[in-house]
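Every number in this text was worked out from the coordinates using simple rules, so none of it is lab data. In this text the structure is predicted, and so the values were computed from the model without any measurement. Backbone-built Cβ (ideal geometry, glycine too); neighbour counts: all protein chains shown.
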Amino acid sequence: MASIIAGNKLRSVNPILILAALLLCMWSPADARAAEIKIAAASDLTFAFKDVAAQFEKQTGNSIKLTFGSSGNFFAQIQNGAPFDLFFSADVGYPQKLEAAGLAEPGTIYEYASGKLVMWVPNASKLDLSRGLATLLDPGIRKIAIANPQHAPYGSAAVAAMRHAGVYGNVESKLVLGENISQTAQFVQSGNADVGLLALSLAVAPAMKNSGRYVEIAPADYPPLVQAGVILKSSRNKELANQFLKFLKEPGTLALMERYGFSIPKDVASAHGDSEMSPPH
């Protein structure tokens, strides 16, 4: 009798075990293929890279963890061992320094875009932006937001542009410094500053484009904002990191970056077909 009961138990358990084993076999390969890369990205990429990452995740099944901040701060963090796989800077100089210090994979620096500087005000502002940077001399302006020029490339560009226009000495006391270009945008959006010198990529993003207006600062008025990414030596998933770099060069990704106001290097655009997309205004 005991043997019959044992047999019945075995017959009732075995199908469940078999089904579990089959499910495990079906699930494991997909799970093994999934991976995550950690990206440190300049704040001017906040909206563009969220879209790029979503497209990459959809196409590959892998995931991306994005952290945004100032390029100079990331540079310091990476020097101190911050665990990122890729670093996308608003200044090519930082990746170059990391490569020279042996902290980046040799030959992986990719100049993905050039950024543009704009002067932005909320829709309610009565400032006349057609005057260019001379607008900053308006006596009604109390605070002017820029990114901290000590570690934010857009902050350095803003100072250079104001010096070129001959207004810096008159407005220096009115400057409020954001830790990065995203925080700078928040200052002027929230009313804590009357006007801001921001990245075009933020001004054309949905979060800002309907709440304010802007004018581009002539590129000749500040040093080129040549932006570059690099795979870090400490990366634990260099293969996936390299896959992401290649994804950035695909026509659809290039077009998306252009929609956010970035200028794509001519050699990259010509190699992958010139896009007809242009930044929205």
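Maximal additional length on extending the K58-D221 stretch stands at 54.7 nm, based on 0.36 nm per residue less the C-alpha distance. Computed about the Cα centre, the dipole magnitude for the stretch 65-215 is approximately 540 debye when only Lys and Arg (+1) and Asp and Glu (-1) carry charge, each at its Cβ.
Among the listed pairs K238/K266; K50/K209; K116/K233; K65/K116, which are separated by more than 21 Å between their Cα atoms? Result: K238/K266; K116/K233; K65/K116 exceed 21 Å. The string of couplings for the stretch 199-204 from the Karplus curve (6.51, -1.76, 1.60, θ = phi - 60°) is 7, 4, 4, 7, 5, 8 Hz, one whole number per residue in order, with x for Gly and Pro.
For all pairs of alpha-carbon atoms in the stretch 118-237, what percent lies in each bin of width 5 Å, listed from the first bin to the last filled one? Binned Cα distances yield the sequence 2, 11, 23, 25, 19, 9, 4, 3, 2, 1, 0.
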